[in-house]
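Q: Sending over a structure as structure tokens; questions will come in a sec.
The values are calculated or read from the model by the stated rules, or taken from the named source; none is laboratory data. All values reported here derive from a predicted model rather than from experimental measurement. Cβ placement follows ideal geometry from the backbone for every residue including glycine, while neighbour counts extend to all protein chains displayed. What goes into the accessible areas is simple: the full protein's heavy atoms, side chains included, and nothing from ligands, DNA or RNA. Shrake-Rupley method; radii C 1.70, N 1.55, O 1.52, S 1.80 Å.
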Amino acid sequence: MGTHNMTLDMQFVEELVLAIRSHSPLPAFPQILDLEEAYNALDEIGSRVCNSGITGIKAGLTNPDIQALFGLNHALLGRLYDWGELRPGDVVKHRANAQIECEIAVQLNAEGKPVKIGAAIEFVYVNFSKPQDLTPGNLVATSLGADRYLLGKQFDWYEVDFNTLRSAHIALSLDEERILTTSPYDSLGGPEKATKWCVDEAIARGLEIRDEMILLCGTCGAGIPLQPGNYIADYGLLGKIEFTVGDA
């Protein structure tokens, strides 16, 4: 694990943590963070946002076209918060400006090696109070809008037929109407490449990896605006995830 020196004013950090936990507009950033500053602060901010501990890593900005808009040629990493994991049957609270993202989840061991793999849904919520605060570094500091996530059944990594998975589709339906069809290999070249890149990047950035941490490998297909209703995400051989979003 790397050495983390906070470069942000601690009063701002406290305001930022409170805003993330309360789903309020984020306070205006006193400075535009570069990526090194943001990653140096990420675990400290994440540990303050959590109730008892950081539960994982998430990849974001995995779409090359969106990266180009930010002047990047690579994805970014954020943290997953312990209060963010939903359980099957939980009703997801509707929030304006939130998105649903179909993802692949990978469980890591302490060395960053993949142990399990399964379907996942992430509910992303980004609410900068100033448009000019929407920068790569500031996104990292806020864990790329990490909010809630829901895991499907997790399978042993070495028992999954990745050749079959490569030709499979993810189908997301809202109230029995198909709203997204995409590939589990749409983000970062698929789960094998995504896992290697994310773990290597986390180590290079000094982010802690612990046994049983979850990695969300990035958005497969487009993010879908969060709307009330009953959803089914069919991942083929990785099973289905069903969830309900409550009324606004």
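Q: Mind listing whichever residues of the stretch 5-31 are within 22 Å of the chain's Cα centre (by Cα), farther than 20 Å from Ile54 by Cα and surrounded by fewer than 17 Cβ atoms within 10 Å (Cβ to Cβ)?
A: Ser24, Pro25, listed by residue number.
Q: Among the residues of the stretch 216-235, is there at least one that is in a strand (DSSP E or B) and free of Cβ contacts under 8 Å to residues at least 40 places away in the same chain? If you could, list the steps in order and put the result at the bottom.
A: Filtering the stretch 216-235 for residues in a strand (DSSP E or B) gives 216, 224-225, 229-234.
Now drop any that are not free of Cβ contacts under 8 Å to residues at least 40 places away in the same chain, which leaves none.
Within the stretch 216-235, not a single residue is in a strand (DSSP E or B) and free of Cβ contacts under 8 Å to residues at least 40 places away in the same chain.
Q: Could you grab me the full set of residues in the stretch 50-70 that are touching a residue at least 40 places away in the same chain (Cβ under 8 Å) and not polar (S, T, N, Q)?
A: The answer is Ile54, Gly56, Ile57, Lys58, Ala59, Gly60, Leu61, Phe70.
Q: Does any residue in the stretch 132-145 that is over 14 Å from Leu72 (Cα atoms) come within less than 9 Å, Cβ to Cβ, of a residue that is of a type in the set (D, E, K, R) and part of a helix (DSSP H, G or I) six or more places away or on a different chain, and which pairs are these?
A: Ala141/Glu37
Q: Among (1) touching a helix residue (DSSP H, G or I) at 6+ places or on another chain (Cβ under 8 Å); (2) surrounded by 19 or more Cβ atoms within 10 Å (Cβ to Cβ), which single condition is Ile241 missing?
A: Result: Ile241 passes all but (1).
Q: Can you say whether Glu44 is farther than 15 Å from Tyr125 by Cα, under 18 Å from the mean Cα position of the chain (by Cα) and open to solvent by 40 Å² or more (accessible area, probe 1.4 Å), as far as the supplied structure shows?
A: Criteria met by Glu44.
Q: Inside the stretch 73-93, can you point out the residues that are outside any strand (DSSP E or B) and under 18 Å from the mean Cα position of the chain (by Cα)? Can you show your working first?
A: Here is the first cut: in the stretch 73-93, the ones outside any strand (DSSP E or B) are 73-75, 82-84, 87-90, 93.
Within the stretch 73-93, His74, Ala75, Asp82, Trp83, Gly84, Arg87, Lys93 qualify.
Results for (1) under 18 Å from the mean Cα position of the chain (by Cα); (2) among the aliphatic types (A, V, I, L, M), shown as yes or no for each residue.
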site: Asp133; (1), (2): no, no
site: Tyr149; (1), (2): yes, no
site: Phe155; (1), (2): no, no
site: Leu165; (1), (2): no, yes
site: Ser187; (1), (2): yes, no
site: Glu208; (1), (2): yes, no
site: Cys217; (1), (2): yes, no
site: Gly223; (1), (2): yes, no
site: Gly236; (1), (2): no, no
